[in-house]
Amino acid sequence: MSPPADSASPMVSIIVRSMGRPLLGDAVESILRQDYDPIEVVVVDATGGRHPPLPDSWIARGVRLINLGRPLPRPQAANAGLDAARGAMLGFLDDDDTYDPNHVSLLMRHYNPMKPLQVMYAGARVLDGEGRVDHLLHHPYNPIMLMVNMYIQTGAALFSRGFLAVGCRFDESLELAEDWDFWIQLSQYAPFIRSDAVTVNYRAALGTSGMGVGGNIDETSSEPMVGKVLAKWAARRETLWMPVKELLADAQRALASGDRERARTLSDQIFAKYQIRFALEPVEGGEAR
C-alpha cells in the first residue's frame, strides 16, 4: 500500500534531464502513473531552447519545464533540476527510461521522517536494443565497492533534500560518470537502504553517454571520466579499504598456519560487514591467495 495522499506524505520530486527525444513521453508518463502522492515532475531543457513544448495534459498535472537559456551538459542539467525541485525527497529519471508504477511508493516505505539524510534505491532492468532484459543492476549496498563500481542506476534512487544543504552537488567538471560521483558524495553522509524490488527500466543501449550496453559503449569518452572519479576519491577509498585489508591479512596468515577454521571465520566476518567475498585457498608453496 502506498502512503496516503495527504499532507503527511512528503513530496517527491523527479527530475528529468531532457534533450527532447521521442521517448521523453514514456519517461514522464511513467512518473505520472506512480501510485504515490504528492509527486512533481521537473523537466530540464538541456537543449538550450530547442526543446519541444510540454503537452497541456502534463502542464495541467504540474509538470514544469526548466529552461536556463543555454545548452546544459549532464551535470549542469542535474544541478538545474536540483535547484528547481521542491520535494523533500528527490530523484532522477533519464528521458529514455521508465519506472514501474510502484517505484516511488515502494522506496518511500523506507522513508524515516526523523532522518534528515537518507537514500533508498531499487533495482534496475538493463535493457538491450530490442527491449530485452540484458541483466539486472541490483547489488547490495557496499560503500567500498561503490568507490570502484557504479552499481546504482541513476533513476533507481531517492534521496533527501538535506544532502544539498551539506554541499552535495553534481561535479560539473565531469562530462560523464557524474551520477556515480554524486552517489559517492551521498555515501559519505549516510548508508543507503536497498529495496528488494526491481522497478526501473534502464534502456542502456538507446542512450548516447557511451556508458551503457550494446551500441552505447564508448570507452574513449568514458574511461577518462571514470579515471577522474577514481582519482578524486582515491584517499577516501583507501581509508575504507584498510580495515578489510587487515582482516584479509589475518585470514591469510591463519590459512598459512593451517588454521582453516579461523580463516573461514574471518572471511565470513568480511562478507557479513562489507559484502565482499574472497577465495581463501592454499596455492603452490603453501601460501594463501
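Readers should treat all values here as calculations from the given coordinates under stated rules, not as data from a laboratory. From a predicted model like this one, the values you see are computed outputs, not experimental measurements. Reconstructed Cβ throughout: ideal geometry from the backbone, glycine too, with neighbour counts over all protein chains shown.
Table for the structure above
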{"read-out": "With Cα atoms, 0 to 90° folded angle of helix 178-187 axis to the chain main axis", "value": "60"}
{"read-out": "Residues listed by number, segment 175-205, amide nitrogen under 19 Å from residue 236 label point at 7 Å toward C-beta", "value": "175-194"}
{"read-out": "Modelled FRET efficiency - R0 25 Å, residue 188 with residue 64, Cβ distances, 0.05 increments", "value": "0.25"}
{"read-out": "Cα centroid of segment 244-269 to Cα centroid of segment 169-208, whole Å", "value": "34"}
{"read-out": "Within straight-line cross-link reach of residue 232, lysines at Cα separation under 24 Å, skipping those fewer than 8 residues along the same chain", "value": "245"}
{"read-out": "Convex hull volume per residue for segment 1-130, taking Cα atoms only, in Å³", "value": "122"}
{"read-out": "For segment 132-151 versus segment 17-43, the gap between their alpha-carbon centres in whole angstrom", "value": "24"}
{"read-out": "0 to 90° range, to nearest 10: angle between helix 74-84 axis and the chain longest Cα axis", "value": "60"}
{"read-out": "Neighbourhood net charge (13 Å Cβ-Cβ; Lys/Arg +1, Asp/Glu -1) for residue 61", "value": "-2"}
{"read-out": "Equivalent-ellipsoid semi-axes of segment 92-135, from the Cα gyration tensor, Å, largest first", "value": "27, 10, 9"}
{"read-out": "Positive dipole terminus of the chain, leading residue within 229, 15, 113 (C-beta point charges)", "value": "113"}
{"read-out": "Separation of the residue 135 and residue 26 label points, Cα + 7 Å toward Cβ, nm", "value": "2.2"}
{"read-out": "Distance histogram in 10 Å bins (all Cα pairs of segment 235-274, percent per bin)", "value": "34, 47, 17, 2"}
{"read-out": "Label corresponding to P(r) over Cα pairs in 10 Å bins from 0, in percent when calculated from the structure given, among (i) 6, 25, 27, 21, 15, 5, 1; (ii) 6, 29, 36, 20, 6, 3, 0; (iii) 6, 25, 32, 20, 10, 5, 1, 0", "value": "(iii)"}
